[in-house]
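The structure appears right after this line, and notes come after that.
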Amino acid sequence: MNILIIGSGGREHALAWKLKQSPKVKKIFIAPGNAGTSACGENVSLDTLNHQTVIDFSKQHEIGLIVIGPDDVLASGLVNALQNSGIKVFGPTKEAAEIEWSKSFAKNLMKHLNIPTADSVEFTEIEIAKKYAREHIYPLVIKAGGLALGKGVIIADFYDQAVTALENIMTKKVFGAAGDTVIIEEFLQGEEISVHAFCDGNTAVMFPSAQDHKSIFDGDKGPNTGGMGTVAPVPTVSESILLRIECEVVLPILRELKDMGRPFKGILFPGIMLTKDGPKVLEFNARFGDPETQSYVRILKTDLLEILLACVDGKLDELQIEWEKNMSSCCVVLASKGYPGDYQKGLPITGITEAEKMEDIVVFHAGTKLSDNRLITNGGRVLGISATGNILSEAVEKTYRAVEIVDFAGKQYRKDIA
Ligand code: AMP
Ligand code: GLY
């Protein structure tokens, strides 16, 4: 079967790397991909927000399955358009993905289903939002209502910071239309984890737990990024906590979306804070996490293509999904100097071949490109260095040894992943 993967990040390289191992996969196309994905298949330039272009390409190249990585492509309704053309696609429809692209839809659904989450209020008028911010205890969390590349959340420690955040989001529109509404919510304290479930509309199968590190600097300091490093599974997260999240969060959402006529097929990925009062939902994503996926593919045993097809065909209950036992994985992101703000592109990258000769190391590319046969930086998050080990500390040690070897000017990374 020919596959088309849409996206250009570390997540898409990880998916291509894993799918390439399936005996059922003939050829993989990645649109647009990066320098790393070109080793797994053929990178193609497609305007993926122009649905007809994707439909035409898929027919021409006899694509048996399309896998969509990024949230904005899901929000654009590409899945609906492909389904209407009879093309198999892994990912939720626009209506099912609303759980990610509209924070107010997600919050209302959680309120309705009594799913534990932070108390929150939504605003469309900046003056009313400022008045609310003046009258509440800090820290407060300010969120753009729509999609903002994981950067639309500001944790304000005092009123002035809240005002700056509100002005940036609502007046200066630094996140575009995502800032038409703003949500101000209670700050939740605890350990944050990423939960993923394969969903086929009816059934959910949970992944092992994972943990991302969202802030740019060590000790969870500095602004939020798309994610700076992950581990899976998280040693402190028990089976019983995961079961509780499955029963209290994942299954009620799946059931409700189905009842609303929006069956969810794809990855349901709630961000969860483990508070002293139990797990609470921070947000829902309707896709694979990045870099979570870079850790997950290293410990997934079952053929990924079989799982994705079972989700699309509504046959997840017929499949046994296996993960490597007694194996942990770690991924550390190398980012450009200045990320998550402005950064330079086009800097030469060295050391990947040497790093990949090291035990159990795989380097996933994110913001990279080949120029005159030279590998150069091409984004904020540049690479994800991943390793596996029998225990987490072993995976972490191996990862950091490889991190030292890979280099580009201004390379920044967190030294405290895991
Ligand atoms: P979100 O996009 O809503 O997941 O927010 C991005 C990140 O901001 C989360 O992964 C958390 O690290 C942090 N965050 C979001 N909401 C809260 C909250 N209510 N309390 C504490 N941290 C939060
Ligand atoms: N790593 C967090 C995310 O993919 O949203």
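The values are calculated or read from the model by the stated rules, or taken from the named source; none is laboratory data. Bear in mind that the values here come from a model prediction, so they are computed numbers and not experimental data. Don't worry about glycine lacking a Cβ; one is built from the backbone with ideal geometry, like all the others, and counts go over all protein chains shown. SASA here: full protein model, heavy atoms, side chains in, ligands and nucleic acids out. Shrake-Rupley method; radii C 1.70, N 1.55, O 1.52, S 1.80 Å.
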Zone of Asp342 (label point 7 Å along Cα→Cβ, backbone N under 11 Å): which residues in region 155-177? none
Per residue, how large is the accessible surface of region 260-418? Use a 1.4 angstrom probe and give square angstrom. 41 Å²
With R₀ set to 60 angstrom, the calculated FRET efficiency between the beta-carbons of Ser120 and Ser371, to the nearest 0.05, is 0.85
Using only helices, what value at 222 nm comes out for the chain when you add -39,500 (n - 2.57) per DSSP H run of length 4 or more and divide by the total residues, to the nearest 500 deg cm²/dmol? -7500 deg cm²/dmol
Peptides 62-68, 52-58: what's the order by average Cβ count within 10 Å, highest mean first? 62-68, 52-58
Given the candidates Val163, Ala232, Ile87, the one whose Cα lies deepest towards the positive end of the charge dipole of the chain, counting +1 at each Lys or Arg C-beta and -1 at each Asp or Glu C-beta, is Ile87
How much of the calculated P(r) for the chain lies past 31 Å, in percent of all Cα pairs? 36 percent
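Please give the net charge around Trp323, taking every other residue with its beta carbon less than 11 angstrom from that of Trp323, where Lys and Arg add +1 and Asp and Glu add -1. Intermediate values should be presented prior to the final figure.
Numbers: positive: Arg298, Lys301, Lys325; negative: Glu322, Glu324.
Once all neighbours under 11 Å are counted, the net charge is +1.
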Could you tell me what fraction of 2.2 N^0.38 Å the Cα radius of gyration of region 10-121 comes to, as a two-decimal ratio? 1.25
Nitroxide proxy distance, nm - points 7 Å out along Cα→Cβ at Thr236 and Lys26: 5.0 nm
For region 113-201, with every protein chain kept in place, what is the accessible area per residue (1.4 Å probe, Å²)? 47 Å²
Can you give me the Cα centroid spacing of region 126-144 and region 1-46 in angstrom? 43 Å
Accessible area of region 38-84 divided out per residue, in Å², using a probe of 1.4 angstrom: 44 Å²
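Would you mind estimating how fast region 122-188 diffuses translationally, via Stokes-Einstein at 25 °C and 0.890 mPa s with the Kirkwood radius over Cα pairs, in µm²/s? Walk me through the numbers before you get to the answer.
Values: Rh = 11.3 Å.
Estimated diffusion coefficient is 217 µm²/s.
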Got a number for carbon plus sulfur as a percent of region 43-82's accessible area, 1.4 Å probe? 44 percent
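Could you estimate the translational diffusion coefficient of region 124-269 from the Stokes-Einstein equation, with Rh from the Kirkwood formula over C-alpha pairs, at 25 °C and 0.890 mPa s, in whole µm²/s? Kindly include the intermediate steps, with their values, before the conclusion.
Working: Rh = 17.2 Å.
In µm²/s, the coefficient rounds to 142.
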Pull out the extension gain between Glu135 and Asp218, defined as 0.36 nm times the separation in residues minus the alpha carbon to alpha carbon distance; nm, one decimal. 26.7 nm
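If you count, for each residue, the other Cβ atoms within 10 Å and average over each peptide, how do 5-11, 299-305 line up from highest to lowest?
On the way: 5-11: 26.4, 299-305: 18.3.
The most tightly packed comes first, giving 5-11, 299-305.
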For region 10-167, what does the relative contact order come out to in percent, with C-alpha contacts under 8 Å and a separation of six or more? 13 percent
Between Glu404 and Leu49, how many nm apart are label points set 7 Å from Cα along the C-beta direction? 4.4 nm
Keeping the other protein chains in place, figure out the carbon and sulfur percent of the accessible area of region 109-257, with a 1.4 Å probe. 54 percent
So, relative contact order of region 127-167 in percent, Cα under 8 Å, 6 or more apart, is 44 percent
How big is the dipole moment of the chain about its Cα centre under a simple scheme where the beta carbon of each Lys and Arg is +1, that of each Asp and Glu is -1, and everything else is neutral? Debye, nearest 20, please. 680 debye
Of the residues Ala14, Ala395, Ala286, which exhibits the maximal mean-square fluctuation in a Gaussian network model of the chain defined by a 10 Å Cα contact cut-off? Ala395
Return the whole-Å distance between the Cα centroid of region 184-261 and the Cα centroid of region 326-405. 24 Å
Once normalised by the length of the chain, the mean sequence separation of its alpha carbon contacts under 8 Å that are 6 or more apart gives a contact order in percent of 16 percent
Tell me, what ³J(HN,Hα) does each residue in region 397-410 have, in order and in whole Hz, if you take phi through Karplus 6.51 cos²θ - 1.76 cosθ + 1.60 with θ = phi - 60° and put x for Gly and Pro? 4, 4, 4, 5, 5, 6, 4, 5, 7, 8, 9, 7, 4, x
Residues of region 194-210 with amide N under 18 Å of the 7 Å Cα→Cβ point at Phe105: 199-202
In the Gaussian network model of the chain, springs joining C-alpha atoms below 10 Å, which of Asn108, Asn224, Asn80 carries the largest mean-square fluctuation? Asn108
